[in-house]
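Read the structure below first, then the notes.
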Amino acid sequence: MDFTLVAQIFDVLQIPSPAKLILLDAQTLSSAHFPPYPPDVPALLTNIGSPEIALHLKIILLTTYPKDHTVFVVTEWGKKEERLDEISNDDFVESSSLYLPALGEGTSFESFAEIVAHLRAPNGCPWDREQTHESLRKHLLEESYEAISAIDSGDFAEMREEFGDLLLQVVLQSQIANEEGQFNVNQVIQGIHSKIVRRHPHVFGDLELEGVQGVLANWEKLKEKERSEKKEKGEKEEKGLLDGVPLALPALSQAQEYQDRAARVGFDWPEIEGVLDKVKEEIEEIKNAETNFELASEIGDLFFALVNVARWKHIDAESALRGTNMKFKKRFGYVEQGAKKEERELSSLSLDEMEALWQEAKKQD
């Protein structure tokens, strides 16, 4: 890297050299899909030698910076100030550079990790300092459900907020582990990075696979190999194919994941007709159940069979039922409001009156 060039560029920009600066040769980003640096630090990209590189840079930078972010194109003839989304190939000549002022405070993962570490520091927050992995468990569960609820609502502002709350739980748990000398958040990231690369040889390697089913089948083979390798190293007891499914999952999600994993190794009905026949069979067994124990067992079997129908039809059973729950809640709320409009107690309405309001609610869906 030519540091003399850097000094010359800042002379052209007529601004003082920043205390911190990301300095990258643009050619190193030719295959990138996301800026590989914290955006709350100014960045200088040099050696933009072709229109193709310039266009690619614009695409990846727009994944992180807002469209109206001010940037500076620097050439041998001077500088040009523009919005990021308005720069074009014509702005760049051989050996051009692009200077990106920093985004606002708190826009990088590193700055967020610093905030969390500060909360846990001696001069941090008393509540955060006394938390443990166990005490935060309920908060992690709550934030996970709230994130799912935000997804179901389709409200992107709510999704953004809930994903942030969920991220806090991950980073806070990692910070506690770091203080205990177990692992840190960088190791968490490195672990999932390595796992993704290892389990996607068709993307990051030379393996050729056909379609989603080929990918899923190979995924299970890779996980089985990993389990065997861990057993050989004595790292932990070998687990079965279904042991990796969390016991705390909602029952419908757990059932569908069990079925998915079993199907990937060939344990599945050859045609959906067998699945539908199983549903009919379970309904008959419910009719014939003689004890509460038998009834509970057969109802469970029916739920499991219905989840299998959803899986065959590529429907997430948990989301489907959650959607129906919300639909019921909305329609029943309409019935309640109908009673209030008539200044009557809900319980005083006849079933026919409630059904009439229910049908009105359905028409508004």
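The values are calculated or read from the model by the stated rules, or taken from the named source; none is laboratory data. This is a predicted model, so every value here is computed, not measured. In this analysis, Cβ positions are derived from the backbone assuming ideal geometry, glycine residues included, and neighbour counts consider all displayed protein chains. Remember, those area values only see protein heavy atoms, side chains included, never the ligands or the DNA or RNA. Shrake-Rupley method; radii C 1.70, N 1.55, O 1.52, S 1.80 Å.
Shown are Phe304, Phe112, Phe204, whose ranking by accessible area with a 1.4 Å probe and every protein chain present, most to least, is Phe204, Phe304, Phe112.
You can think of it this way: the chain between Phe293 and Lys138 has 52.6 nm of extra reach, that is 0.36 nm per residue less the Cα-Cα gap.
Accessible surface of Trp127, taken over heavy atoms with a 1.4 Å probe and every protein chain present, rounds to 120 Å². Distance distribution note for the stretch 184-280: the fraction of Cα pairs above 23 angstrom is 41%.
Express in % the proportion of alpha carbon pairs of the chain at distances exceeding 30 Å. Cα-Cα pairs of the chain separated by over 30 Å account for 64 percent. Computed from Cα positions, the angle between helix 109-120 and the longest principal axis of the chain comes to roughly 70 degrees. Taking the DSSP bridge list for the chain and keeping only pairs wholly inside it, about 75 percent are antiparallel.
How charged is the neighbourhood of Leu55? Take every other residue with its Cβ under 14 Å from the Cβ of Leu55, and add Lys/Arg as +1 and Asp/Glu as -1. Walk me through the numbers on the way to the answer.
Details: positive: Lys58; negative: Glu52, Asp85, Glu86, Asp90, Asp91.
So the environment of Leu55 carries a net charge of -4.
A convex hull fitted to the Cα coordinates of the stretch 17-90 yields 95 cubic angstrom per residue. The modelled label-to-label distance for the pair Glu271/Arg198, using points 7 Å beyond Cα in the direction of Cβ, is 4.1 nm. Apply the a/c threshold of 1.5 to the C-alpha gyration tensor of the stretch 289-365 and tell me whether it is rounded, prolate or oblate. Oblate. The average projected area of the stretch 239-315, computed from the convex hull of its Cα atoms over all directions, is 5.8 nm². I need the calculated FRET efficiency for the pair Lys225 and Gln27, taking r as the beta carbon distance and R₀ as 35 Å, to the nearest 0.05. Rounded to the nearest 0.05, the efficiency is 0.45.
Judged by the ratio a/c of the largest to the smallest principal axis of the C-alpha gyration tensor, the stretch 128-204 counts as oblate, that ratio being 1.5 or greater while a/b is no larger than b/c.
D for the stretch 213-365, whole µm²/s, Stokes-Einstein with Kirkwood Rh over alpha-carbon pairs at 37 °C and 0.692 mPa s: what number? Reported coefficient: 170 µm²/s.
Tally up the carbon and sulfur contribution to the accessible surface of the stretch 222-365 as a whole percent, 1.4 Å probe, everything protein left in place. Please report the intermediate quantities before stating the final value.
Details: 5650 of 10330 Å².
That fraction is 55 percent.
To the nearest 500 deg cm²/dmol, what mean residue ellipticity at 222 nm is calculated for the chain from DSSP H runs of n ≥ 4 alone, each contributing -39,500 (n - 2.57), summed and divided by the residues? So the calculated ellipticity at 222 nm is -19000 deg cm²/dmol. The C-alpha atoms of the chain define a longest principal axis, and helix 156-179 lies at about 80 degrees to it. Counting only alpha carbon atoms, the long axis of helix 211-233 and the longest principal axis of the chain meet at about 80°. Calculated from the alpha-carbon coordinates, the stretch 70-168 shows an Rg and a Dmax of 21.2, 61 Å respectively. Is there a pair in Lys341/Lys363; Lys58/Lys80; Lys225/Lys313; Lys278/Lys329; Lys138/Lys221 whose C-alpha atoms are over 26 Å apart, and which pairs would that be? Table pairs above 26 Å Cα-Cα are Lys225/Lys313; Lys278/Lys329; Lys138/Lys221. Computed with the Debye formula from one identical point scatterer per Cα of the stretch 113-266, without solvent, the log10 of I(q)/I(0) at q = 0.18 Å⁻¹ comes to -1.33. Percent of C-alpha pairs per 5 Å bin in the stretch 150-190, short distances first: 6, 24, 20, 15, 12, 12, 8, 3. Remark: spin-label model distance Ile189-Asp260 equals 2.6 nm, labels positioned 7 Å along the Cα→Cβ axis. For the stretch 192-285, averaging the sequence separation of C-alpha pairs within contact (under 8 Å, six or more residues apart) and dividing by the residue count gives a relative contact order of 19 percent.
Along the axis of the charge dipole computed for the chain (Cβ charges of +1 for Lys and Arg, -1 for Asp and Glu, origin at the Cα centre), the listed residues Thr63, Ala310, Pro51 are led at the positive end by Pro51.
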